[in-house]
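Report on the structure given below.
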Amino acid sequence: MRGNPYLFAAYAAAWIIHIVYLSTIVSRYSRLKREIEELKKIRS
Amino acid sequence: MKKAFPILGALTAILLGYALYEALVAAPTEQTMGDVQRIFYYHVPSAWTAFTLFLINFVASILYLVRRNPAADIIALVSAEVGVVFCTVVLVTGPIWARPVWGIWWAPGDIRLTSTLVLWLIYVSYLILRRFSSSGQTPTLAAALAVLGALCVPFVYFSIWFFRTQHPQPVMGGGGSIDPRMLHVLLINWLAFLCFAFLVCWSRYRLEELQRDVDHAHAMQSLMDPRGSVR
């Protein structure tokens, strides 16, 4: 396989899209964990 | 189930790596387009994975409409969200492939391209409805929208049979033909994407369950202490 900028761009774009989406899941999970900790503090 | 996730994650990572190697190195080079044709091994499996997820969304939405099952509602939401991500990959990799092959990024008015964009917009609308509507009827409205959206999937896939288009014929169930080695690489990539999508959906499902539990806890907290704002 020779270097092809379009091929590289397409594969990179696909993984960037997936990584950005996965990072939103991780950030939502972190936010939820903080909310759970706050709820535990309020209840205790 | 918690122990199975890292094992499945590792196996999926290995499969994705192998599929990438097959696509970039092992697959034969197409004679007309050259190496740029290898975009096919990400573009087409991403489309098939998106269609599979939209089908799951359709079935889950029907189940929710019939039985009002909250788990079906979560599956519908999660499959639509991950399906939109894969559909985005299709809409991004397609023009990158089209530019060197057709000489243009986008063929305005082309039925396959336009219908795929419309399909993506329908499911983005679905997600916006789910995200910003606070009505109790939101899951029902979203499920109805999902049923209508799913009707577009066969239209997108088979549109190139019925209309003149610049897009090639479908590899499966159409008039196109493919080298068996290329088909092998294509199917490996699809399997890898399906496994990856399953794991992402699983994570997202757990996250949504947790979100609903936290929302419920906030609501209970507000009832117990109506003066204080917990958020």
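In the stretch B:209-225, is there at least one residue being modelled with pLDDT under 90, within 14 Å of another protein chain (Cβ to nearest Cβ) and not in a helix (DSSP H, G or I)? Within the stretch B:209-225, one or more residues are modelled with pLDDT under 90, within 14 Å of another protein chain (Cβ to nearest Cβ) and not in a helix (DSSP H, G or I). Only one of the listed residues (A:Leu22, A:Leu7) is at pLDDT 90 or above, more than 20 Å from the chain's Cα centre (by Cα) and either part of a helix (DSSP H, G or I) or of a type in the set (Gly, Ala, Ser) (or both). That residue is A:Leu7. Pairs are defined by a Cβ separation below 7 Å, a sequence spacing of at least 6 or placement on different chains, a first member in the stretch B:98-124 that is within 14 Å of another protein chain (Cβ to nearest Cβ) and closer than 27 Å to B:Gln31 by Cα, and a second member that is surrounded by 14 or more Cβ atoms within 10 Å (Cβ to Cβ) and among the polar types (S, T, N, Q); the pairs so defined are B:Trp102/B:Gln166.
As for the stretch B:54-76, it holds no residue that is within 13 Å of chain A (Cβ to nearest Cβ) and within 19 Å of B:Val200 (Cβ to Cβ). All told, B:Ile74 meets the bar of being in contact with a helix residue (DSSP H, G or I) (Cβ under 7 Å, 6 or more places away or on another chain) and closer than 20 Å to B:Cys201 by Cα.
Restricting attention to the stretch A:33-44, does a residue exist that is in a loop (DSSP other than H, G, I, E, B), over 15 Å from B:Asp215 (Cβ atoms) and more than 14 Å from the chain's Cα centre (by Cα)? The answer is yes, given that some residue of the stretch A:33-44 is in a loop (DSSP other than H, G, I, E, B), over 15 Å from B:Asp215 (Cβ atoms) and more than 14 Å from the chain's Cα centre (by Cα). The residues of the stretch B:13-54 that are more than 17 Å from the chain's Cα centre (by Cα) and β-branched (Val, Ile, Thr), listed by number, are B:Ile14, B:Val25, B:Thr29, B:Thr32, B:Val36, B:Ile39. For A:Leu22, state whether it is in contact with an Asp or Glu (Cβ under 7 Å, 6 or more places away or on another chain) and more than 17 Å from B:Asp215 (Cβ to Cβ). No: the conditions fail for A:Leu22.
The values are calculated or read from the model by the stated rules, or taken from the named source; none is laboratory data. A quick note: this is a predicted structure, and the numbers were derived from the prediction, not measured. Here the Cβ is made from the backbone with ideal geometry for all residues, glycine too, and neighbour counts use every protein chain on show.
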